[in-house]
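Take a look at the structure set out below.
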Ligand code: IYR
(Lines give C-alpha, C1' and ligand atoms only; values in the text may rest on other atoms or scores of the structure.)
Protein backbone atom coordinates (compact mmCIF):
# COMPACT_ATOMS: atom_id res chain seq x y z
CA UNK A 1 0.00 0.00 0.00
CA UNK A 2 2.01 2.99 -1.28
CA UNK A 3 0.43 6.39 -0.62
CA UNK A 4 0.94 8.86 -3.47
CA UNK A 5 -1.84 11.44 -2.98
CA UNK A 6 -2.00 13.74 0.07
CA UNK A 7 -3.84 12.12 2.94
CA UNK A 8 -7.26 13.64 3.62
CA UNK A 9 -7.27 15.19 7.08
CA UNK A 10 -9.56 14.58 10.05
CA UNK A 11 -9.89 16.55 13.27
CA UNK A 12 -7.40 15.50 15.93
CA UNK A 13 -9.03 13.83 18.91
CA UNK A 14 -6.69 15.06 21.64
CA UNK A 15 -6.11 13.17 24.88
CA UNK A 16 -7.56 16.10 26.86
CA UNK A 17 -5.77 15.48 30.15
CA UNK A 18 -6.52 18.37 32.54
CA UNK A 19 -3.33 20.41 32.88
CA UNK A 20 -3.43 19.96 36.65
CA UNK A 21 -3.16 16.20 36.16
CA UNK A 22 -0.39 16.15 33.55
CA UNK A 23 2.59 15.70 35.85
CA UNK A 24 0.77 13.20 38.03
CA UNK A 25 -0.21 11.11 35.01
CA UNK A 26 3.37 11.22 33.76
CA UNK A 27 4.62 10.20 37.18
CA UNK A 28 2.15 7.31 37.41
CA UNK A 29 3.40 5.94 34.09
CA UNK A 30 6.98 6.44 35.24
CA UNK A 31 6.31 4.47 38.42
CA UNK A 32 5.00 1.56 36.34
CA UNK A 33 7.89 1.67 33.87
CA UNK A 34 10.53 2.07 36.56
CA UNK A 35 9.61 -1.44 37.72
CA UNK A 36 10.34 -2.98 34.33
CA UNK A 37 13.33 -5.29 34.41
CA UNK A 38 14.91 -7.45 31.77
CA UNK A 39 14.18 -11.00 32.89
CA UNK A 40 16.06 -14.16 31.92
CA UNK A 41 14.13 -16.74 33.97
CA UNK A 42 10.60 -17.41 32.79
CA UNK A 43 7.73 -19.45 34.15
CA UNK A 44 6.39 -21.80 31.47
CA UNK A 45 2.73 -21.06 32.25
CA UNK A 46 0.77 -19.83 29.25
CA UNK A 47 -0.23 -16.24 28.66
CA UNK A 48 -3.76 -14.90 29.06
CA UNK A 49 -5.72 -14.84 25.80
CA UNK A 50 -5.43 -11.66 23.80
CA UNK A 51 -2.53 -10.01 25.58
CA UNK A 52 0.00 -10.59 22.81
CA UNK A 53 -2.37 -9.31 20.14
CA UNK A 54 -2.99 -6.14 22.14
CA UNK A 55 0.71 -5.65 22.69
CA UNK A 56 1.46 -6.02 18.99
CA UNK A 57 -1.40 -3.67 18.09
CA UNK A 58 0.06 -1.12 20.51
CA UNK A 59 3.58 -1.54 19.11
CA UNK A 60 2.15 -0.92 15.65
CA UNK A 61 0.83 2.49 16.77
CA UNK A 62 4.43 3.76 16.73
CA UNK A 63 5.32 6.67 14.46
CA UNK A 64 7.38 5.64 11.44
CA UNK A 65 9.37 7.36 8.70
CA UNK A 66 6.93 8.44 5.93
CA UNK A 67 4.32 6.33 7.78
CA UNK A 68 5.64 3.22 6.06
CA UNK A 69 5.18 1.10 9.23
CA UNK A 70 8.22 -1.06 8.42
CA UNK A 71 7.69 -3.79 11.01
CA UNK A 72 6.63 -7.41 11.25
CA UNK A 73 6.03 -9.21 14.55
CA UNK A 74 6.36 -12.99 14.44
CA UNK A 75 4.74 -14.47 17.53
CA UNK A 76 6.20 -17.91 18.21
CA UNK A 77 4.37 -20.13 20.71
CA UNK A 78 4.71 -23.53 19.05
CA UNK A 79 7.14 -25.59 21.20
CA UNK A 80 8.83 -27.21 18.22
CA UNK A 81 9.42 -23.83 16.58
CA UNK A 82 10.76 -22.39 19.84
CA UNK A 83 13.18 -25.34 20.09
CA UNK A 84 14.44 -24.68 16.56
CA UNK A 85 14.80 -21.01 17.42
CA UNK A 86 16.81 -21.83 20.52
CA UNK A 87 19.06 -24.32 18.74
CA UNK A 88 19.83 -21.90 15.92
CA UNK A 89 20.36 -18.96 18.28
CA UNK A 90 22.68 -20.98 20.49
CA UNK A 91 24.77 -21.98 17.48
CA UNK A 92 25.34 -18.29 16.70
CA UNK A 93 25.85 -17.35 20.32
CA UNK A 94 28.51 -20.03 20.83
CA UNK A 95 30.41 -18.39 18.00
CA UNK A 96 29.81 -14.94 19.46
CA UNK A 97 31.01 -15.77 22.96
CA UNK A 98 33.75 -18.12 21.78
CA UNK A 99 35.25 -16.16 18.89
CA UNK A 100 33.43 -13.19 17.42
CA UNK A 101 33.05 -10.88 20.42
CA UNK A 102 35.99 -8.61 21.19
CA UNK A 103 37.59 -8.88 24.66
CA UNK A 104 36.21 -5.39 25.33
CA UNK A 105 32.67 -6.51 24.52
CA UNK A 106 32.95 -9.64 26.65
CA UNK A 107 34.26 -7.56 29.53
CA UNK A 108 31.25 -5.21 29.24
CA UNK A 109 28.88 -8.22 29.37
CA UNK A 110 30.65 -10.02 32.20
CA UNK A 111 28.79 -8.17 35.02
CA UNK A 112 25.48 -9.41 33.57
CA UNK A 113 26.61 -13.04 33.61
CA UNK A 114 25.22 -13.88 30.16
CA UNK A 115 26.62 -16.72 28.07
CA UNK A 116 25.77 -18.68 24.92
CA UNK A 117 23.01 -20.68 26.58
CA UNK A 118 19.53 -19.38 25.77
CA UNK A 119 17.07 -21.72 27.57
CA UNK A 120 14.55 -18.87 27.85
CA UNK A 121 13.88 -19.21 24.12
CA UNK A 122 12.13 -22.48 24.99
CA UNK A 123 10.90 -21.84 28.54
CA UNK A 124 9.09 -18.59 27.79
CA UNK A 125 5.58 -19.36 26.52
CA UNK A 126 6.01 -16.90 23.65
CA UNK A 127 8.89 -15.39 21.72
CA UNK A 128 8.20 -12.34 19.56
CA UNK A 129 10.68 -11.93 16.73
CA UNK A 130 10.57 -8.38 15.41
CA UNK A 131 11.62 -7.82 11.80
CA UNK A 132 12.39 -4.62 9.92
CA UNK A 133 10.61 -4.66 6.56
CA UNK A 134 12.85 -3.33 3.81
CA UNK A 135 12.11 -2.67 0.14
CA UNK A 136 10.93 -5.79 -1.63
CA UNK A 137 8.61 -7.03 -4.35
CA UNK A 138 5.54 -6.05 -2.32
CA UNK A 139 6.96 -3.59 0.20
CA UNK A 140 8.00 0.08 -0.20
CA UNK A 141 11.33 1.53 0.82
CA UNK A 142 11.21 2.45 4.50
CA UNK A 143 12.88 5.49 6.06
CA UNK A 144 14.38 5.76 9.52
CA UNK A 145 13.79 2.05 9.82
CA UNK A 146 15.81 1.43 12.96
CA UNK A 147 14.26 4.40 14.72
CA UNK A 148 10.73 3.39 13.71
CA UNK A 149 11.12 -0.24 14.74
CA UNK A 150 12.95 0.77 17.93
CA UNK A 151 10.05 2.98 18.99
CA UNK A 152 7.59 0.16 18.20
CA UNK A 153 9.58 -2.25 20.35
CA UNK A 154 9.62 0.28 23.19
CA UNK A 155 5.84 0.40 23.09
CA UNK A 156 5.69 -3.41 22.92
CA UNK A 157 7.86 -3.78 26.03
CA UNK A 158 5.88 -1.10 27.89
CA UNK A 159 2.53 -2.73 27.08
CA UNK A 160 3.65 -6.20 28.09
CA UNK A 161 5.19 -4.87 31.29
CA UNK A 162 2.06 -3.07 32.36
CA UNK A 163 0.06 -6.23 31.61
CA UNK A 164 2.22 -7.96 34.25
CA UNK A 165 4.48 -9.83 31.86
CA UNK A 166 8.25 -9.96 31.74
CA UNK A 167 10.36 -9.57 28.62
CA UNK A 168 13.94 -9.98 27.52
CA UNK A 169 15.35 -7.93 24.66
CA UNK A 170 17.58 -10.57 23.13
CA UNK A 171 19.75 -9.74 20.15
CA UNK A 172 21.45 -12.78 18.65
CA UNK A 173 24.04 -11.78 16.13
CA UNK A 174 24.00 -12.30 13.21
CA UNK A 175 20.24 -12.75 12.86
CA UNK A 176 19.82 -14.06 9.32
CA UNK A 177 18.94 -17.55 10.61
CA UNK A 178 15.68 -16.06 11.86
CA UNK A 179 14.32 -15.66 8.33
CA UNK A 180 14.32 -19.41 7.90
CA UNK A 181 13.07 -20.28 11.37
CA UNK A 182 10.28 -17.67 11.10
CA UNK A 183 9.55 -18.26 7.39
CA UNK A 184 10.06 -14.63 6.46
CA UNK A 185 11.18 -13.32 3.04
CA UNK A 186 14.57 -11.81 2.35
CA UNK A 187 13.41 -8.17 2.55
CA UNK A 188 12.53 -8.71 6.21
CA UNK A 189 15.49 -8.46 8.60
CA UNK A 190 15.22 -9.59 12.18
CA UNK A 191 16.12 -6.93 14.72
CA UNK A 192 14.93 -8.22 18.10
CA UNK A 193 14.06 -11.57 19.68
CA UNK A 194 11.79 -10.98 22.68
CA UNK A 195 10.85 -13.85 24.99
CA UNK A 196 7.63 -12.99 26.85
CA UNK A 197 6.14 -14.64 29.92
CA UNK A 198 5.58 -14.51 33.63
CA UNK A 199 8.84 -14.45 35.54
CA UNK A 200 9.86 -17.68 37.25
CA UNK A 201 8.91 -17.58 40.97
CA UNK A 202 12.61 -17.57 41.91
CA UNK A 203 13.70 -15.13 39.17
CA UNK A 204 16.54 -12.84 40.20
CA UNK A 205 17.85 -9.78 38.39
CA UNK A 206 21.07 -7.80 38.73
CA UNK A 207 20.91 -4.99 41.27
CA UNK A 208 21.31 -2.27 38.64
CA UNK A 209 20.95 1.46 39.19
CA UNK A 210 19.46 3.73 36.56
CA UNK A 211 21.01 7.11 35.94
CA UNK A 212 19.40 9.97 37.84
CA UNK A 213 17.41 12.60 35.96
CA UNK A 214 20.16 15.15 36.45
CA UNK A 215 22.67 12.78 34.87
CA UNK A 216 20.64 12.33 31.69
CA UNK A 217 18.92 15.67 31.18
CA UNK A 218 20.26 18.93 29.77
CA UNK A 219 18.03 21.98 30.06
CA UNK A 220 18.60 24.91 27.78
N1 LIG B 1 23.73 -11.25 21.94
C2 LIG B 1 24.43 -11.83 23.06
C3 LIG B 1 25.34 -10.89 23.73
C4 LIG B 1 24.75 -9.75 24.47
C5 LIG B 1 25.05 -8.47 24.05
C6 LIG B 1 24.62 -7.39 24.75
I7 LIG B 1 25.24 -5.54 24.17
C8 LIG B 1 23.83 -7.55 25.90
O9 LIG B 1 23.38 -6.43 26.61
C10 LIG B 1 23.52 -8.83 26.33
C11 LIG B 1 23.98 -9.91 25.60
C12 LIG B 1 23.44 -12.49 24.03
O13 LIG B 1 22.24 -12.32 23.86
O14 LIG B 1 23.87 -13.16 24.96
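General observations
- Screening residue 193 on (1) within 12 Å of the ligand (Cβ to nearest atom); (2) assigned to a loop (DSSP other than H, G, I, E, B) shows it passes everything except condition (2).
- Cβ separations smaller than 7 Å between residues 6+ apart or across chains give the following pairs from segment 158-177 residues that are over 17 Å from residue 112 (Cα atoms) to residues that are within 16 Å of the ligand (Cβ to nearest atom) and in a loop (DSSP other than H, G, I, E, B): 161/36; 166/39.
- Candidate set from segment 80-124 (those that are closer than 21 Å to residue 176 by Cα and touching a strand residue (DSSP E or B) at 6+ places or on another chain (Cβ under 8 Å)); member that is farthest from the ligand (Cβ to nearest atom): 82
- When we screen 21, 3 for residues that are over 20 Å from the mean Cα position of the chain (by Cα), modelled with pLDDT under 95 and surrounded by 10 or more Cβ atoms within 10 Å (Cβ to Cβ), the only hit is 3.
- Lone unmet requirement of (1) surrounded by fewer than 18 Cβ atoms within 10 Å (Cβ to Cβ); (2) not in a loop (DSSP other than H, G, I, E, B) for residue 204: (2)
- Residue under evaluation residue 129, criteria (1) within 14 Å of the ligand (Cβ to nearest atom); (2) loosely packed, with under 13 Cβ neighbours inside 10 Å, criterion not met: (2)
So that you can scan it fast, the table gives a plain yes or no per residue for (1) under 14 Å from the mean Cα position of the chain (by Cα); (2) closer than 30 Å to residue 28 by Cβ:
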site: 81; (1), (2): no, no
site: 84; (1), (2): no, no
site: 95; (1), (2): no, no
site: 117; (1), (2): no, no
site: 124; (1), (2): no, yes
site: 128; (1), (2): yes, yes
site: 133; (1), (2): no, no
site: 149; (1), (2): yes, yes
site: 160; (1), (2): yes, yes
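- In a residue-by-residue description of segment 14-36, the property of being in contact (Cβ under 8 Å) with a residue 40 or more places away in the chain, touching a strand residue (DSSP E or B) at 6+ places or on another chain (Cβ under 7 Å), under 30 Å from residue 118 (Cβ atoms) and part of a helix (DSSP H, G or I) applies to no position.
The values are calculated or read from the model by the stated rules, or taken from the named source; none is laboratory data. Here the structure is a predicted model, which means the values were calculated and not measured. Don't worry about glycine lacking a Cβ; one is built from the backbone with ideal geometry, like all the others, and counts go over all protein chains shown.
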